[in-house]
Structure formats: C-alpha cells, structure tokens
1. Among the residues of segment 40-50, which ones are touching a residue at least 40 places away in the same chain (Cβ under 8 Å) and either of a type in the set (S, T, N, Q) or within 11 Å of the ligand (Cβ to nearest atom) (or both)?
2. Here is a list of conditions, (1) among the polar types (S, T, N, Q); (2) assigned to a helix (DSSP H, G or I); (3) buried (at least 16 other Cβ atoms within 10 Å of the Cβ), and GLN82 meets all of them except one; can you say which number that is?
3. Against the condition of a type outside the set (Asp, Glu), modelled with pLDDT of 95 or more and farther than 16 Å from THR20 by Cα, how does ALA106 come out, does it pass?
4. In this structure, does PHE9 turn out to be among the aromatic types (Phe, Trp, Tyr), touching a Leu at 6+ places or on another chain (Cβ under 7 Å) and modelled with pLDDT of 95 or more?
5. Find all pairs meeting these conditions: Cβ atoms under 8 angstrom apart; at least six residues apart or on different chains; first residue within segment 104-125 and within 10 Å of GLU147 (Cβ to Cβ); second residue of a type in the set (S, T, N, Q) and surrounded by 17 or more Cβ atoms within 10 Å (Cβ to Cβ).
6. May I ask you to list the residues in segment 1-39 that are touching a residue at least 12 places away in the same chain (Cβ under 8 Å), more than 16 Å from the ligand (Cβ to nearest atom) and outside any loop (DSSP other than H, G, I, E, B)?
7. Restricting attention to segment 123-137, which residues are more than 10 Å from the ligand (Cβ to nearest atom) and not in a loop (DSSP other than H, G, I, E, B)?
8. Please give the number of the condition ARG108 fails out of (1) in contact with a His (Cβ under 8 Å, 6 or more places away or on another chain); (2) away from the ligand (no atom under 16 Å from the Cβ); (3) farther than 21 Å from LEU29 by Cβ.
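The values are calculated or read from the model by the stated rules, or taken from the named source; none is laboratory data. These numbers were taken from a predicted model, which means no experiment stands behind them. Every residue, glycine as well, gets a Cβ built from its backbone with ideal geometry; the counts of neighbours run over all protein chains shown.
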Amino acid sequence: MPTTRRVLFVCLGNICRSPTAEGILRAELERRGHHDRVEVDSAGTGGWHVGDAADPRMRRAASARGYDLTSRARQVTAEDFQRFDLIVAMDRQNLADLEQIAPPPAERRADLRLFSSFLPYGGPEDVPDPYYGGPDGFDHVIDLIEEAAAAIADHLAGDGTVA
Ligand code: 4NP
C-alpha cells in the first residue's frame with residue numbers, strides 16, 4: 001500500500017486562490033486514479049474568513065469549468081509543516097508569511113514551494129489576488145492553476161511513493 005502524500009495550498013484568505021487550487025488538483029488526481037493516495041487541503045495565512053465557504057464569485061467561475069469548491073476556510077498553523085509533505089504558496093507574500101511561522105527546514109516535513117515554480121511554460125510569479133478585482137481575475141486564477149495542475153501531480157508522483 002503506497003504511502004499517502006499530503007499537499008496544502010496557501011493563500012491570504014483561503015476563499016479564492018487556494019480553495020481553487022485544492023479543487024483543481026483533486027480533479028487532476030481523480031483523472032489519474034491517484035485521489036485515494038494524495039490528500040489535498042488549503043488554508044490562509046490570515047484568519048478573517050475562517051469557517052467561510054469559498055467566495056461565491058470564485059465558486060461560480062470554478063463551477064463553469066466543472067469544479068465544485070467545497071472547502072471551508074481555515075488558518076495555516078506551524079503544525080501544518082509536520083502534517084504535509086508539500087506546501088504551495090500562491091504568491092510571494094504568502095511564501096514570506098509562511099516562512100515566518102515555519103519551523104527550520106531541518107525540523108519540518110513539508111517542502112515549501114512557490115506555486116509559479118510549477119508553471120510549465122513560465123508565467124507570473126504570483127497568482128494575482130482576485131478578491132478586489134473584476135470577474136476576469138477569477139478566470140485568470142483558474143487558467144493558471146489548470147496550467148500547473150499536471151506538474152504538481154507529477155511532482156507528487158515523482159518521488160516513487162505515488163506511482
Ligand atoms: P485569497 O483572496 O487570498 O485568494 O483567498 C482573498 C480573500 C479575502 C481577502 C484577501 C484575499 N480579504 O482581505 O478579506
């Protein structure tokens with residue numbers, strides 16, 4: 001029985017970008033038949049929306065592409081660095097905020113990576129926060145995450161624990 005791998009996506013509010021990454025990666029894993037071997041979760045560096053469903057604008061845009069976003073917001077904790085194998089920050093500020101609460105690399109399980117490092121053809125360093133912008137921002141978030149989903153699934157499979 002292969003070891004379960006755990007991946008956590010982190011943005012600021014955990015109601016737009018990271019719940020979408022959670023939903024899209026889960027769909028990619030289901031296509032590959034890997035969904036029972038990888039746990040996918042998301043969290044926010046901020047706590048303002050704890051307990052909330054994903055933003056209705058984000059859910060609507062995701063639903064139009066066939067993704068059902070079901071997560072409830074929670075705030076990331078230092079313990080997440082022991083529970084997860086991979087933590088993916090959606091932008092550079094999220095990464096900096098995660099570094100502030102992370103245990104030293106030698107004392108944590110999780111590999112901490114910037115989302116854009118998984119974009120196969122390059123692209124923006126940050127997944128832009130769509131919260132205060134217009135409707136195009138939500139579609140752009142989905143475009144970027146769809147582009148990277150296969151590379152993230154490959155990465156999780158690539159160490160031999162998910163074949
Ligand atoms: P997210 O977007 O980080 O992609 O979930 C945001 C949602 C809410 C807020 C900021 C960003 N906010 O300030 O309430």
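1. At the first step, the residues of segment 40-50 found to be touching a residue at least 40 places away in the same chain (Cβ under 8 Å) are 41, 45.
Passing the criteria: only THR45.
2. Of (1) among the polar types (S, T, N, Q); (2) assigned to a helix (DSSP H, G or I); (3) buried (at least 16 other Cβ atoms within 10 Å of the Cβ), only one is false for GLN82: (3).
3. Details: of a type outside the set (Asp, Glu): yes; modelled with pLDDT of 95 or more: no; farther than 16 Å from THR20 by Cα: yes.
So ALA106 fails the test.
4. Working: among the aromatic types (Phe, Trp, Tyr): yes; touching a Leu at 6+ places or on another chain (Cβ under 7 Å): no; modelled with pLDDT of 95 or more: yes.
Judged against the criteria, PHE9 is not a match.
5. GLY123/SER116
6. First pass over segment 1-39, keeping only residues touching a residue at least 12 places away in the same chain (Cβ under 8 Å): 2-29, 32, 34, 37-39.
Restricting the remaining residues to those that are more than 16 Å from the ligand (Cβ to nearest atom) gives 2-7, 26-29, 32, 34, 37-39.
Selection gives ARG5, ARG6, VAL7, ARG26, ALA27, GLU28, LEU29, ARG32, VAL38, GLU39.
7. ASP136, the sole residue that qualifies.
8. Every condition holds for ARG108 apart from (1).
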